[in-house]
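Some notes on the structure that comes next.
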Amino acid sequence: MLTKRKLHALFWVALLILGLGVALTQGDEEIDPYKEAERQRELFRQTSGGILPGELYAAEGEELFTRKRGPKNASLEACDFGLGPGKLEGAYTRMPRYFADTRKVEDLESRVVSCMVRLQGFKPEEVGRDEVKALVAYVASKSSEMPLQVVPKHPNEITLYNLGKELWYRRAGSRDMNCSICHDTYAGGRVRLSPVRSPRQGLSNEWPAYRFEADKLYTLEDRIAFCYESVGVHPPDFYSEPMIALSVYMLTEATKGKHKFTELPGFTR
Ligand code: HEC
């Protein structure tokens, strides 16, 4: 069995060899980040017998999903992600959405938590972030490369869309920044050398993803938190209403732009 650690060791050796090659052939030429991600992805594939790190997280998630756990000794197979209990195929393409059982709009991450609480009997504070991430990777993998279908209809969904839009434009922090300044103003261009996209250009359609620069799996909420931190603003808590609202806003706009998910879990910088 190829463990994550072995995979990483192989990867760094390959990276070193390739890195030397790049240094010799390219000089100071700027590397295209998308091509670079593609190159790293192929490198992983070649050095790991075809397995990408994101797939290892998803496998971990599948194991957590089907195993009986928690005070109620239950699996998560009865968890309804909107298409019926245990129906995972394409479920993520319609999330966040309103759930009648919790009377809340939930994204995939908060839905995993509420199912662990209701079905398995965990207390919310007992639910570990790493297990949520693995479970998210597994459930999202069942919507890989499918078209996004987030269309707010329920009044609570519309409320959250509006809140998300407001947060998108709300200036905060000592630098008086908002999401729009980077993602709309520079859409299609670059911010600090990184290419940025607007929501209509499909922003947020590659998460959860393995970020090779961080060597970690990031969910959409992790990625939102990262952008807040990068401008020195304290991010909203995980699973909180502002987090879910921003996801509703971005994924609705990406749906309007007729985007698909990338391969999920994604593989990115
Ligand atoms: C200072 C500029 C800046 C601000 C402000 C900013 N971002 Fe970002 N954002 C970036 C950059 C740069 C990236 C990385 C693009 C890459 O590496 O592909 C990024 C990436 C992202 C991504 C993932 C990229 C993708 O293509 O899916 C999401 C989602 C995102 N930002 C959401 C937000 C949200 C929500 C806010 C407001 C809370 C925000 N960003 C504020 C610069 C910014």
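Which cross-chain or sequence-distant (5 or more) residues have an amide H under 5 Å from the amide H of Val191, H modelled 1.01 Å from N in plane?
Val196
What lysines sit close enough to Lys35 to cross-link, taking a C-alpha to C-alpha distance under 30 Å and skipping anything fewer than 8 places away on the same chain?
Counting by Cα, and skipping residues close in sequence, Lys35 has these lysines nearby: Lys4, Lys6, Lys133, Lys142, Lys216, Lys256, Lys258, Lys260.
Ignoring everything but the protein chains, give the 1.4 Å probe accessible area of Ile244 in square angstrom, nearest 10.
10 Å²
May I ask you to evaluate 6.51 cos²θ - 1.76 cosθ + 1.60, the Karplus curve with θ = phi - 60°, for each residue of region 94-108 and list the ³J(HN,Hα) values in order in whole Hz, giving x for glycine and proline?
With coefficients 6.51, -1.76 and 1.60, one gets 10, 10, x, 8, 7, 10, 5, 5, 9, 6, 9, 7, 10, 8, 4 Hz.
Starting from the Cα-Cα distance between Val233 and Asp80, subtract it from 0.36 nm times their residue separation and give me the gain in nm to one decimal. Provide the component values of the computation, followed by the final result.
Numbers: separation 153, 0.36 × 153 = 55.08 nm, distance 3.43 nm.
In short, 51.6 nm is gained.
Which parts of region 209-251 would a label at Asp130 reach, counting a residue when its backbone N lies under 12 Å from a point 7 Å out along Cα-to-Cβ?
217
Could the peptides 148-160, 195-207 be put in order, highest first, of the mean number of other beta-carbon atoms found within 10 Å of their residues? Intermediate results must be reported in sequence, preceding the final value.
Numbers: 148-160: 16.9, 195-207: 20.2.
Output ranking for 148-160, 195-207: 195-207, 148-160.
Between Arg67 and residues 5 or more places away or on another chain, which pairs have amide H atoms under 5 Å apart, with H built 1.01 Å from N, and which residues are they?
For Arg67, the qualifying residues are Leu76.
Please find the FRET efficiency linking Phe226 to Arg39, where r is the Cβ-Cβ separation and R0 is fixed at 35 Å, and quote it to the nearest 0.05.
0.95
Which of rounded, prolate or oblate describes region 131-269 when judged by the alpha-carbon gyration tensor and an a/c cut-off of 1.5? The partial results should precede the final answer.
On the way: a/c = 1.33, a/b = 1.11, b/c = 1.20.
Because its axes are fairly even, with a/c under 1.5, region 131-269 counts as rounded.
Out of Lys123, Lys142, Lys256, any idea which swings most in a Gaussian network model of the chain, alpha carbons joined below 10 Å?
Maximum among the listed residues: Lys123.
Report the calculated FRET efficiency for Thr185 and His154 (r = Cβ-Cβ distance, R0 = 45 Å), to the nearest 0.05.
Working: r = 32 Å, r/R0 = 0.71.
The computed FRET efficiency comes out at 0.90.
Going by Cβ distance under 4.7 Å, what cysteines of the chain have no possible disulfide partner?
Cys179, Cys182, Cys227
Which far-off residues, 5 or more places away or on another chain, put their amide H under 5 Å from the one on Lys216, with H placed in the peptide plane?
Arg211
Please report the spacing between the Cα centers of region 223-240 and region 154-221 in Å, no decimals.
10 Å
Please give the calculated 222 nm ellipticity per residue for the chain, where each DSSP H segment of at least 4 residues contributes -39500 (n - 2.57) and the sum is spread over every residue; nearest 500 deg cm²/dmol? Walk me through the numbers on the way to the answer.
On the way: 9 runs with 125 residues, N = 269.
Result for the chain: -15000 deg cm²/dmol, rounded to the nearest 500.
The values are calculated or read from the model by the stated rules, or taken from the named source; none is laboratory data. These figures come from a predicted structure and were not determined experimentally. No Cβ is skipped: glycine too gets one built from the backbone with ideal geometry, and neighbour counts run over all protein chains shown. Accessible surface is based on the protein model in full, side chains and every heavy atom, while ligands, DNA and RNA are left aside. Shrake-Rupley method; radii C 1.70, N 1.55, O 1.52, S 1.80 Å.
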